[in-house]
1. Which whole-Hz ³J(HN,Hα) couplings does segment 61-68 yield from phi under the Karplus relation 6.51 cos²θ - 1.76 cosθ + 1.60, θ = phi - 60°, glycine and proline marked x?
2. Taking 41 Å as R0, compute the FRET efficiency from the Cβ-Cβ separation of Lys22 and Thr332 and round it to 0.05.
3. Mind listing the long-range amide H neighbours of Arg256? Cut-off is under 5 Å, sequence gap 5 or more, other chains count too, H placed in the peptide plane at 1.01 Å from N.
4. Picking from Leu476, Thr88, Ser221, whose Cα lies most toward the positive end of the charge dipole for the chain (charges on Cβ: Lys, Arg +1; Asp, Glu -1)?
5. I'd like to compare 16-22, 107-113: which one has the highest average count of other Cβ atoms within 10 Å, and what's the full order after that?
6. Taking just the alpha-carbon atoms of the chain, what radius of gyration and Dmax come out, in angstrom?
7. Given a Förster radius of 35 Å and the C-beta distance between Gln264 and Phe166 as r, what FRET efficiency does 1/(1 + (r/R0)^6) yield to the nearest 0.05?
8. Using θ = phi - 60° and the Karplus curve 6.51 cos²θ - 1.76 cosθ + 1.60, what whole-Hz ³J(HN,Hα) does each residue of segment 276-283 get, with Gly and Pro shown as x?
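The numbers here are math on the coordinates, done by the rules we state, and not lab data. Here the structure is a predicted model, which means the values were calculated and not measured. So basically every Cβ, Gly included, is an ideal-geometry build from the backbone, and we count neighbours across all protein chains shown.
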Amino acid sequence: MADVISFSEPDEVLTAKPSVKKYLRYLLFFGPGAVLASMTIGQGQIILGPQIGAWAGFSLLWLVTINIGSYIIAYVSCRFIMLSGISTMDMFSIKTKKGWLNWLFIVIMLIFIPMFAAAIITTLGQSLAWVFGVGHYLVWGISFCLLAASLALLGRYRLLEYTQAFFVAVLAIGAVASIVWIKPDILEILPNFFTIGMHIPENYPAWASANYPSVTKTPISLVMLGYLGTLTVTIIPLAGYMGWIKVKKWGIFRGRENPDGFSQKLFRMFREKGEITYLPDDVAEVKKSHILLKPILVDLAIAFVIVSLVSASYLIAGKYLLGDSHVLPSDTKLIQEQLVIFTRMADWLKPLFQVSVIFALFGTVYAGFEAASRMSYETAKKISRHMERLPYKKFMLYLMIYILSLGIPLAILMCWGLSVILVLSLTLMFIGVIGVIIYGIGIIYLSQKVLPEKYKLGKVGLAIAILGVAFMLVPLVFLFV
């Protein structure tokens, strides 16, 4: 391979003159973002969204808005690999002392992924017991989590993956349609998307504290952070997203027959020289590299709009359909109360809602196993020679045994009174907010210190990236005041 590479010619749609047809064709770039959206729309939106809407009304809708910060961070991360060809986790392993940032991400995942598993065992189990009307929910939840783990190990989930995407779409469309059916006061709702940090309830309403003590014992600031964590591009799917860039052959990988091998060659070149010297200085090549970034920008933008629209719909539905009736999803009824969001339009939608919830949650279990394994493996293999020699499937088996050996006892504790909402909020705060903030600071540093001058973020881009991190910090401030 030559010391200096050249970028392949961009797709013709990227260089075509502006037109309606051109921008409609941009929709064809939407691919990995669809997977990301289907992973995001699930347990958090269905449970925490309506619950927050029920007791806080519209006052916390601005959390949906600031979630754009995680998508900005995701874009900066993808931009780095699409320009340099090197994985951010590989780069963190040698640009931080003894790979401490990689170790930090591993510790976060080892602590909180079992907690997430416990929460979803409970949620999925309650849903299955509710639908079938027999059996203890723990038996249902544990059995189906073991099934999801087996499918993940066998790699035979493709059909279920498509099925899950369909039913997630049903849940999304159903929530939006329910809001349209209600005919809410748009002028009352819209300002709340922009009152960032201004309208925060000091206490839960009296009816919630009196009737749902298991819910209201979780501090409001922690619930806010947990809910933001349900909206974000968390640290878990980030490694998978970088893998999709290679599969799609976007950016520097366009035209490369073996993107993974090409990425490793570039990483070795960087390690040998201590800097990136293989990117061209030619103005035309630099311009071409920036044009090649457009697909990821389109993909992430569409995913953000979809997740935001659905999340806002569930929160608004919670205000109108649960809050006005003084009803909350609680630890003993995490899913059942949300049925009204669908049956308000027609009673026959009940089984559709039930089946959709089961497939969405079951898909989340599988996606969690796969994404957590991939993220942990990619994070660990460059800082541990033993891990680098360990086959991925064997690593995945060990990790899932660890997750379930801790997750199942935690789920049993939830049956005895440990708050699911508290555990879920703590988990999402770390993997969806704190972890993302740390990752965001790290990737901005890499972009400005490792990339050659012509490929760094410009002044405007850098300001937007910093603003993205700042957005994620807003609700964290209220945890300490």
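1. Computed from phi, the couplings for segment 61-68 are 4, 5, 5, 5, 5, 6, 4, 4 Hz.
2. Taking R0 as 41 Å, the efficiency between Lys22 and Thr332 is 0.20.
3. none
4. Of the options given, the answer is Thr88.
5. On the way: 16-22: 9.3, 107-113: 18.6.
Taking the mean over residues of other Cβ atoms within 10 Å, the ranking is 107-113, 16-22.
6. When restricted to Cα atoms, the chain yields Rg and Dmax of 22.5, 71 Å.
7. E(calc), rounded to 0.05, equals 0.45.
8. For segment 276-283, the Karplus curve yields 8, 10, 8, 7, x, 8, 4, 4 Hz.
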